[in-house]
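All remarks here apply to the structure that follows.
The values are calculated or read from the model by the stated rules, or taken from the named source; none is laboratory data. Keep in mind that this is a model prediction, so the values were computed, not measured. Cβ placement follows ideal geometry from the backbone for every residue including glycine, while neighbour counts extend to all protein chains displayed.
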Amino acid sequence: MARILALDFGKVRTGIAVTDELQIIASGLATVQTSDLMQFLSEYEEKEVVERIVIGLPKQMDGTPSESEELILPFMEKLSQRFPHIPIERQDERFTSKMAMQSMVEGGMKKKKRQDKAKLDEISATLILQAYLNRK
């Protein structure tokens with residue numbers, strides 16, 4: 001089977017998570033500068049078979065799209081042009097950053113390491129992907 005990638009897209013950094021080949025387990029893959037994201041995805045896709053890409057859907061508490069959605073939509077257009085053979089899906093990402101921080105605290109991660117925003121983005125992407133897998 002192929003892998004599923006998930007993106008916690010951000011203006012500066014994007015967290016990336018991936019499934020195992022059986023699409024059972026979501027694991028953090030990397031956090032990359034958003035400006036380098038297309039290059040990273042191209043290189044990854046050359047090495048691995050990617051079945052689909054799941055992108056976090058940021059919403060306000062009332063269900064309306066958050067401001068970052070304005071950045072995500074043009075990116076999704078570029079992504080679908082670059083990888084027309086890979087379907088793109090969305091997954092609600094409300095509370096993922098809060099849950100990621102909580103998991104770092106509960107996992108015993110030291111305060112200094114918890115301040116690493118890149119790790120937070122990668123964990124958030126993993127939570128987005130796991131939520132997608134649970135829904136699927």
Would you mention how many residues in the range 21-72 are among the basic types (Lys, Arg) and surrounded by fewer than 13 Cβ atoms within 10 Å (Cβ to Cβ)? 1
Please pick out the residue among ALA125, ALA131 that is under 16 Å from ASP8 (Cα atoms) and either in contact with an Asp or Glu (Cβ under 6 Å, 6 or more places away or on another chain) or modelled with pLDDT of 95 or more (or both). ALA125
Kindly provide the set of residues from the range 1-59 that are in a loop (DSSP other than H, G, I, E, B) and either in contact with a helix residue (DSSP H, G or I) (Cβ under 9 Å, 6 or more places away or on another chain) or basic (Lys, Arg) (or both), ordered by number. PHE9, GLY10, LYS11, VAL12, GLN23, ILE24, ILE25, PRO58
Among the residues of the range 80-98, is any buried (at least 16 other Cβ atoms within 10 Å of the Cβ), in contact with a helix residue (DSSP H, G or I) (Cβ under 8 Å, 6 or more places away or on another chain), at pLDDT below 95 and not in a helix (DSSP H, G or I)? yes
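Yes/no matrix, rows are residues, columns are (1) at pLDDT 95 or above; (2) within 20 Å of ILE72 (Cα to Cα); (3) not small (Gly, Ala, Ser):
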position: LYS11; (1), (2), (3): no, yes, yes
position: THR14; (1), (2), (3): yes, yes, yes
position: VAL18; (1), (2), (3): yes, yes, yes
position: ALA30; (1), (2), (3): yes, yes, no
position: THR34; (1), (2), (3): yes, yes, yes
position: PHE40; (1), (2), (3): yes, yes, yes
position: ILE53; (1), (2), (3): yes, yes, yes
